[in-house]
There are 4 protein chains.
Amino acid sequence: MRADAQRNRARILAAADEVFAAKGAAASTEEVAAKAGVAIGTVFRHFPTKNDLLTALMKELVRELAAEVESLVRQGDPATSLFTFFAHLVERASSRKTVVDLLGVDIRVSEQLQLLREAVGILLDQAQAAGVVRSNVLLDEVMALLAATSQGALHSGWDADLRERTLAIIFTGLRSAQL
Amino acid sequence: MRADAQRNRARILAAADEVFAAKGAAASTEEVAAKAGVAIGTVFRHFPTKNDLLTALMKELVRELAAEVESLVRQGDPATSLFTFFAHLVERASSRKTVVDLLGVDIRVSEQLQLLREAVGILLDQAQAAGVVRSNVLLDEVMALLAATSQGALHSGWDADLRERTLAIIFTGLRSAQL
Amino acid sequence: MRADAQRNRARILAAADEVFAAKGAAASTEEVAAKAGVAIGTVFRHFPTKNDLLTALMKELVRELAAEVESLVRQGDPATSLFTFFAHLVERASSRKTVVDLLGVDIRVSEQLQLLREAVGILLDQAQAAGVVRSNVLLDEVMALLAATSQGALHSGWDADLRERTLAIIFTGLRSAQL
Amino acid sequence: MRADAQRNRARILAAADEVFAAKGAAASTEEVAAKAGVAIGTVFRHFPTKNDLLTALMKELVRELAAEVESLVRQGDPATSLFTFFAHLVERASSRKTVVDLLGVDIRVSEQLQLLREAVGILLDQAQAAGVVRSNVLLDEVMALLAATSQGALHSGWDADLRERTLAIIFTGLRSAQL
DNA sequence: GATGAATGAGGGTTCATTCAT
DNA sequence: AATGAATGAACCCTCATTCAT
C-alpha cells in the first residue's frame, strides 16, 4: 500500500472512531469521509462496506485492549490488575459510543472478542490466585459485567464519581471472603 | 377524544412496544402502523413525531415499573424486594430492546425516570433498613447498575443462567458486612 | 387504490415506457419520475424495485400483444394473420427499446411470455392449416425469429423499407412449397 | 510505442473481450484491468474512454470477421460461403455478448462495419452468381438479418438445434426459385 | 509508461413527515 | 378522525475518470 493510502486509511479510522463514538454506529459514512477530509469513494475503497469499517474499528479496539492487558500481566500487580483494567475500560467507554456498540452488539465479530476474552481470563486467574476474587467467579460473569458496565457508562449521568462508586460495588461483589 | 381514537392510541402503543422490542428503535413507523392495523397517518396524528411515540412508550414502561415497585413496597419482603425488582427488570430487558434503548439512551425523557428513581429509592431504603444492603450505597449507584445490567442483558450470550450468576455478584456487592 | 394513485400509476408506466423505449433499461428511475411529474418516492411506492417497474411494463406489453393476436384470430384472415402480427410487432419494436430488451433479455419474466407464445401458436396453426406456412416449421423457430427481428429492428439503419424487405425474406422462408 | 506497452495493449484487448463477452458492456473497466493483470490507469492510458475500448474491440472483431470472409472468398465454395459465414457468425454470437452489443448498438463505429459489409457483399455476389440466392435480395437485407439473428442467438433458449432450424428458415427465404 | 489511490457524480432504495381525499 | 398516497432528503454503494507517486 502506498504511503498516502496508508495515511488516509489511518485518517479514516480515526475519523470513524470519533464520529461513531459521538453518534453511534448509525452515523453516516459521508460524515466520516468529511471529517477525514477525503471523498466518499475513498472510504469505500478502504472499507468496501460500512460494516467493514465498523469491524476494522472493532479489531483496532480489541488489539489495543489486548495489548493493555498483556502489559498489565507483565508489569502490573497480579492482585489488582483485573480491577485496574476493568475501571480503565469503563472509563474509556464513557466517552466512546463505538466501544459500547461494538463490545455489545455485533455478533459476527465475536471471534475478535475471543482474543480479549482470553486476555481478561489471565487477569482473572491472577486475581483469584492472589485471593482477591472469589474462586467460584467465572470468566463469563466478568465479561458480562464488563460489557454491561461499559454500556451503562455511556449515559449522561455517569460522571467519574458515579463510575467509581458503581465499580466499587461490583468489585466488592467479586471479592472473596464474603458470604 | 373519541372512543375509537382512544382505542387506536392504545393499539398503536401496543404495536410499537412489540415492534420496537423486537427490532429496536430503528424499526420503521410504517411497520408499527401495520401491526396496529391502522394507517400511517393515524400514527402521526396521535404521535406527531416518531420520537413522541418512543417517549410515550417510555412513559408507559416507567408507569408499569413504578406500579410494580409500589406493589412490592406494599406486599413484598422489605429485605429482598430490591433484589426481586432488579432481577425482574433485567430479565424483562433481555427480551425487549425497547426497555434498553429507552432506559439508556434518551436524555430528554429523564424526567420520566425520576418517578422510577423515587420508587426504587423506597426499595433501597427498605433493604438498607433491613440490613441487607450496605448503608453507604447510594441510589445513584443502584440506578446505574440497573441500567447497565439491563443493557447487557440484551446480548446474545446472556441466558438465564448467566444473568443469574452475574446478578449474584452485583447483589453480593450491595450486601453489607463484607470487607 | 385511490383515484389519484391510479392516475399516477398510469402516468409512471407511460413515462417509463417512453424513457426506457428511448434509452433502454439502463435509464434511471429518477428520469422516469421526472417525466411522470412525480417524486422519486412515488415511483418506488408503486414499484418497490426498478425491476418491478420493468416487469410491469412487460406484462402490459404482453397483454396488449396477446389482445392483438386474439383479435386477429377472431377477425383476421387465417392465412395471413401470422405475417400481419409479425410485421406489426417488428414495426413497433423499431421505436421501442423496451420491447426489445424485455422480449429478449429477462429470463425471470419468461412465464409472461408463455401467454404470448400460446397466442402466436394459434396464428401459426392457422397459417399452416391454410397451407401458407410449411408444416415442419415449429413454434420455437417462429418465436426466435420474432425476437431476433425485433431486436434488429432497433438499429438506426432499419427504416420502413428495409424492415419490409427483410421480413419478406423471412416470410418466404416460412412459406410452404419451396425446397 | 515500447514493447511492453504493445504487449499490454494486446492483453487488455484480450481481457476486455473475455469480460465483455461474459457480462456484456456493463461490466466494469476495473474488472478488465484485473483480468489483464494491469492497473486501471494502464487501461485508460491505452483507451482514454471506456467507449474507446469497446470501439477497439469492435475493430478487432470486424477485422477478424473480414479476414474470415476473405478466406472464404479465396478458398470456399462460392455457392455456400455466404451461408457458412452467416451460420458461423451467429454461432459465435451465441456465446459472446460483445459481438451482439457492438454489432447492434453503437452507431459511431458503423464506419468500421463498412469493411465487413463490403466483404459480405462479395459472398452475396458469389451466391447470387451461383444461383442459390435470389437476385433481388439486397446486401442491406442480408446485413440486417445477420445482425438480428446474432442478437437473437444470445438468448437463453437458443441452443445449437434451434439456431440451426431458425437459420434454415432464413436460408430458405434467401434461396431462389420460390414464389 | 505503469501504478493504484482519490475523486465525486449518479443510481437504487428507505423512511419520517405532510396533505389531499 | 382516518386514510394512504406523495414528498424528498438521506443513505449506502458503484464506477468512469483523473492524477500524484
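The values are calculated or read from the model by the stated rules, or taken from the named source; none is laboratory data. Keep in mind the model is a prediction, meaning the values are calculated, not measured. Cβ atoms come from the backbone with ideal geometry, glycine included; neighbour counts cover every protein chain shown. Side chains are part of the model used for accessible areas, which takes the heavy atoms of the whole protein and leaves out ligands, DNA and RNA. Shrake-Rupley method; radii C 1.70, N 1.55, O 1.52, S 1.80 Å.
In region A:75-93, the residues that are basic (Lys, Arg) form Cβ pairs under 7 Å with partners that are part of a helix (DSSP H, G or I), at six or more places apart or across chains, as follows: A:92/A:99. Could you check, for region D:50-68, whether at least one of its residues is within 18 Å of residue D:18 (Cβ to Cβ), touching a helix residue (DSSP H, G or I) at 6+ places or on another chain (Cβ under 7 Å), within 16 Å of DNA strand E (Cβ to nearest atom) and not aliphatic (A, V, I, L, M)? So far as region D:50-68 goes, yes, one or more of its residues are within 18 Å of residue D:18 (Cβ to Cβ), touching a helix residue (DSSP H, G or I) at 6+ places or on another chain (Cβ under 7 Å), within 16 Å of DNA strand E (Cβ to nearest atom) and not aliphatic (A, V, I, L, M).
Residue count for region B:119-167 satisfying the condition of being in contact (Cβ under 8 Å) with a residue 24 or more places away in the chain, under 24 Å from residue B:63 (Cβ atoms) and aliphatic (A, V, I, L, M): 13. In region C:48-60, the residues that are in the same structural domain as residue C:28 (by TED's automatic domain parsing) and closer than 13 Å to residue C:32 by Cα form no Cβ pair under 8 Å with any partner that is open to solvent by 60 Å² or more (accessible area, probe 1.4 Å) and modelled with pLDDT of 90 or more, whether six or more places apart or across chains.
One residue stands out in region B:84-106 among those that are over 22 Å from residue A:165 (Cα atoms) and not in a helix (DSSP H, G or I): the one that is modelled with the lowest pLDDT, namely B:106. Of all residue pairs spaced 6 or more apart or on separate chains, those with beta-carbon atoms under 7 Å, a first member in region B:1-26 that is closer than 14 Å to residue B:51 by Cβ and a second member that is more than 9 Å from DNA strand F (Cβ to nearest atom) and among the aliphatic types (A, V, I, L, M) are B:16/B:32; B:16/B:53; B:16/B:57; B:20/B:27; B:20/B:57; B:25/B:54. Within region A:36-64, how many residues are of a type in the set (Lys, Arg) and more than 8 Å from DNA strand F (Cβ to nearest atom)? Matching residues across region A:36-64 total 2. Against the conditions (1) more than 16 Å from DNA strand F (Cβ to nearest atom); (2) assigned to a loop (DSSP other than H, G, I, E, B), residue C:27 satisfies every one except (1). Restricting attention to region C:17-27 and to residues that are within 11 Å of DNA strand E (Cβ to nearest atom) and more than 14 Å from chain D (Cβ to nearest Cβ), the residue that is farthest from residue C:56 (Cα to Cα) turns out to be C:19.
Looking across region D:141-154, not a single residue is open to solvent by 30 Å² or more (accessible area, probe 1.4 Å) and within 7 Å of another protein chain (Cβ to nearest Cβ). In region A:72-79, is there at least one residue being assigned by TED's automatic domain parsing to the domain that holds residue A:114, touching a Ser or Thr at 6+ places or on another chain (Cβ under 6 Å) and either assigned to a helix (DSSP H, G or I) or modelled with pLDDT of 85 or more (or both)? Checking region A:72-79: at least one residue is assigned by TED's automatic domain parsing to the domain that holds residue A:114, touching a Ser or Thr at 6+ places or on another chain (Cβ under 6 Å) and either assigned to a helix (DSSP H, G or I) or modelled with pLDDT of 85 or more (or both). Taken over region A:158-174, residues that are assigned to a loop (DSSP other than H, G, I, E, B) and either within 7 Å of chain B (Cβ to nearest Cβ) or buried (at least 24 other Cβ atoms within 10 Å of the Cβ) (or both) amount to 1. Residues in region D:22-34 that are of a type outside the set (Asp, Glu) and surrounded by fewer than 17 Cβ atoms within 10 Å (Cβ to Cβ): D:22, D:23, D:24, D:26, D:28, D:34. If you go through region B:1-21 and keep only what is exposed (fewer than 14 other Cβ atoms within 10 Å of the Cβ) and more than 9 Å from DNA strand F (Cβ to nearest atom), you end up with B:3, B:10. Return a yes/no flag: does region A:137-156 have any residue that is at pLDDT 90 or above and more than 30 Å from residue A:24 (Cβ to Cβ). Yes, region A:137-156 contains a residue that is at pLDDT 90 or above and more than 30 Å from residue A:24 (Cβ to Cβ).
Please work out if residue A:69 is surrounded by fewer than 17 Cβ atoms within 10 Å (Cβ to Cβ), in the same structural domain as residue A:139 (by TED's automatic domain parsing) and among the β-branched types (Val, Ile, Thr). Taking the combined requirement at face value, the residue does not satisfy it. Among the residues making up region B:125-140, those that are among the aliphatic types (A, V, I, L, M) and either within 12 Å of another protein chain (Cβ to nearest Cβ) or over 9 Å from residue B:78 (Cα atoms) (or both) are B:132, B:133, B:137, B:138, B:139. Evaluate region B:33-44: report whether one residue or more is more than 10 Å from DNA strand E (Cβ to nearest atom) and in a loop (DSSP other than H, G, I, E, B). Yes, the conditions are met somewhere in region B:33-44. Among the residues of region C:123-140, those that are part of a loop (DSSP other than H, G, I, E, B), open to solvent by 30 Å² or more (accessible area, probe 1.4 Å) and hydrophobic (A, V, I, L, M, F, W, C) comprise C:130, C:132, C:138. For region B:43-53, the criterion of a residue being closer than 30 Å to residue B:122 by Cα, at pLDDT below 95, of a type outside the set (Lys, Arg) and surrounded by 18 or more Cβ atoms within 10 Å (Cβ to Cβ) is satisfied by at least one position.
Does residue C:39 satisfy the condition of being of a type outside the set (D, E, K, R) and over 22 Å from the mean Cα position of the chain (by Cα)? So residue C:39 passes the test.
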